[in-house]
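The values are calculated or read from the model by the stated rules, or taken from the named source; none is laboratory data. What you are looking at is a predicted structure, and each value in this text was computed from that prediction instead of being measured. Don't worry about glycine lacking a Cβ; one is built from the backbone with ideal geometry, like all the others, and counts go over all protein chains shown. All accessible areas refer to the heavy atoms of the entire protein, side chains included, with ligands and DNA or RNA removed. Shrake-Rupley method; radii C 1.70, N 1.55, O 1.52, S 1.80 Å.
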Amino acid sequence: MQEGGNQVKTLDYIALTLVIIGAINWGLIGFLGFDLVRVIFGDMTVVSRIIYALVGIAGLYALSYFGRLRSE
């Protein structure tokens, strides 16, 4: 059981990191009109679309944190 818990914890950290990256990017867009992902990876290239998709999936996964916090 311990190993499965470690895998979930790792996934939680990955998701949280992606959500933070997304939040920083949205903050830059909102405050400065600067899209860091677009500047680094190009305007809607395959790589930038993958990054946006991963951040979106991580945000949806992060919703599960609420249920787990409530159960603790």
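Which helices count as membrane-span-like in the chain under these terms: full DSSP H, at least 18 Å along the axis by C-alpha, Kyte-Doolittle mean of 1.0 or more? The partial results should precede the final answer.
Details: long enough: 2-32 (44 Å, 0.83); 46-62 (24 Å, 1.79).
The answer, listed by residue number, is 46-62.
Calculated FRET efficiency, Ala62 and Leu28, Cβ-Cβ r, R0 22 Å, to nearest 0.05?
Taking R0 as 22 Å, the efficiency between Ala62 and Leu28 is 0.65.
May I ask you to compute the full-extension gain from Thr10 to Leu69, defined as 0.36 nm times their residue separation minus their alpha-carbon distance, rounded to one decimal in nm? Let's see the in-between values first.
Working: separation 59, 0.36 × 59 = 21.24 nm, distance 1.68 nm.
Gain in length upon complete extension: 19.6 nm.
What Kirkwood radius, in Å to one decimal, follows from the Cα pairs of segment 32-72? Don't skip to the answer; put the middle values down first.
On the way: mean 1/r = 0.0841 Å⁻¹.
By the Kirkwood definition, the hydrodynamic radius is 11.9 Å.
May I ask you to give the percent of accessible area on the chain that is carbon plus sulfur, with a probe radius of 1.4 Å?
Working: 4050 of 5640 Å².
C and S fraction of accessible area: 72 percent.
Compute the accessible area per residue over the chain, keeping the other protein chains in place, probe 1.4 Å, unit Å². Before the final figure, lay out each step's value.
Working: 5640 Å² over 72 residues.
Roughly 78 Å² per residue, with all protein chains present.
Which entry in (1) 29.8, 86; (2) 14.7, 46; (3) 11.5, 33 matches Rg and Dmax of the Cα atoms in Å derived from the coordinates of this structure?
(2)
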